[in-house]
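Notes to accompany the following structure.
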Amino acid sequence: MHPITPAMNSFIVRAIGIIHSPYLSRDDAPRQGRFSDALVTLEILPEYCEGLQDVEQEPHHIVLYWLDRSDRNKLKAIPPHTGIEHGVFATRSPDRPNPIGICIVEFVRREGNLLFVRGLDAIDGTPLLDIKPYSADLDWVQQ
Ligand SMILES: C[S@@+](CC[C@H](N)C(=O)[O-])C[C@H]1O[C@@H](n2cnc3c(N)ncnc32)[C@H](O)[C@@H]1O
């Protein structure tokens, strides 16, 4: 087994933007973005706008964000819909060592550095980490 070296255990991840949503607290936000059709705005920082070329061509995107108001010390979670405790990696809890959130969002429109989307559960002010096109061929799994 390879050891985890200090260089492998520390990363610089820079926000590419900020999420503006109608949810002001954790309790306001839907459990998953899919359960809401509220319009949410992704504000992309000017230095990353060049990377937005052609985003309009995709109807859905995978959005990754940093759940900055999470408890990173939790290794167990009780999902509200089951009430049963699990290891955090068996759940979608926002409270986890690396609180990265993921949603597949519907693209609505672009206005310059602003992307309007539906289907996101992040609270207002959440740092945006990445946007990738959703591809049914690559991402959809029949269960
Ligand atoms: C269950 S998590 C799911 C996140 C993402 N869809 C996923 O599966 O990785 C969604 C919840 O995270 C909480 N949340 C949203 N934005 C947050 C933030 N910036 N910091 C901490 N918690 C947040 C809200 O309570 C929201 O209902």
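See the values below:
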| quantity | calculated |
| --- | --- |
| The stretch 102-143: number of residues that are surrounded by fewer than 16 Cβ atoms within 10 Å (Cβ to Cβ) and outside any strand (DSSP E or B) | 12 |
| Residue match in the stretch 84-93 (condition: under 22 Å from residue 56 (Cα atoms) and hydrophobic (A, V, I, L, M, F, W, C)) | no |
| Test: residue in the stretch 82-100 that is crowded, with 17+ Cβ neighbours inside 10 Å, touching a residue at least 24 places away in the same chain (Cβ under 8 Å) and away from the ligand (no atom under 15 Å from the Cβ) | no |
| Qualifying residue in the stretch 36-50 (condition: in contact with a helix residue (DSSP H, G or I) (Cβ under 9 Å, 6 or more places away or on another chain) and more than 27 Å from residue 136 (Cα to Cα)) | no |
| Subset of the stretch 2-28 [under 15 Å from residue 128 (Cβ atoms), part of a loop (DSSP other than H, G, I, E, B) and among the hydrophobic types (A, V, I, L, M, F, W, C)] | 13, 15, 16 |
| Which numbered condition residue 131 fails, given (1) aliphatic (A, V, I, L, M); (2) within 28 Å of residue 45 (Cα to Cα); (3) touching a Lys or Arg at 6+ places or on another chain (Cβ under 9 Å); (4) more than 14 Å from the ligand (Cβ to nearest atom) | (3) |
| Residue list for the stretch 44-74, filter: more than 9 Å from the ligand (Cβ to nearest atom), more than 12 Å from residue 131 (Cβ to Cβ) and surrounded by 14 or more Cβ atoms within 10 Å (Cβ to Cβ) | 74 |
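Any read-out appearing in this document is the output of simple, stated calculations on the displayed coordinates, not a laboratory observation. All of these numbers come straight from a predicted model, not from anything done at the bench. We place every Cβ from the backbone using ideal geometry, glycine too, and count neighbours over all the protein chains shown.
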